[in-house]
Amino acid sequence: MKIKKGDTVLIISGKDRGRKGKILKAFPKESKILVEGINLRKKHQRPRKTGEKGQIVTLPAPINISNTKLICPKCGKTARVGYKIVENKKYRICKKCGQEI
């Protein structure tokens, strides 16, 4: 998986197409990510204590990685991710500007 928690991504398909958001959590085995403010779902919560009211909470649902594109923090453009190995360390690089992500 070439994108990680904390990266900024652009949604390229679905109801949130064109919106940007920060990755909150990554699920590599399912190839899905949780993006802040994207793909929001409503969840009905029942009251836990007596006298407390039930409520509707909006939570982000996972989205497939193939529906997103990484935004390079250096050049600000959407770019593919490449790798560079320097002194036995692997770095992610932006394919457009060549800078380390």
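The values are calculated or read from the model by the stated rules, or taken from the named source; none is laboratory data. Since we're looking at a predicted model, the values are computed, not measured. So basically every Cβ, Gly included, is an ideal-geometry build from the backbone, and we count neighbours across all protein chains shown.
For this structure, a couple of remarks:
- On the stretch given as the range 22-60, residues that are assigned to a strand (DSSP E or B), at pLDDT below 95 and under 20 Å from CYS72 (Cα atoms) total 0.
- ILE101, sole failed condition from (1) at pLDDT below 90; (2) more than 16 Å from LYS4 (Cβ to Cβ): (2)
- Checking each residue in the range 61-74 for being among the polar types (S, T, N, Q), in a strand (DSSP E or B) and surrounded by 16 or more Cβ atoms within 10 Å (Cβ to Cβ) picks out only THR68.
- Residues in the range 76-97 include none that are among the hydrophobic types (A, V, I, L, M, F, W, C), closer than 15 Å to LYS20 by Cα, touching a residue at least 60 places away in the same chain (Cβ under 8 Å) and part of a strand (DSSP E or B).
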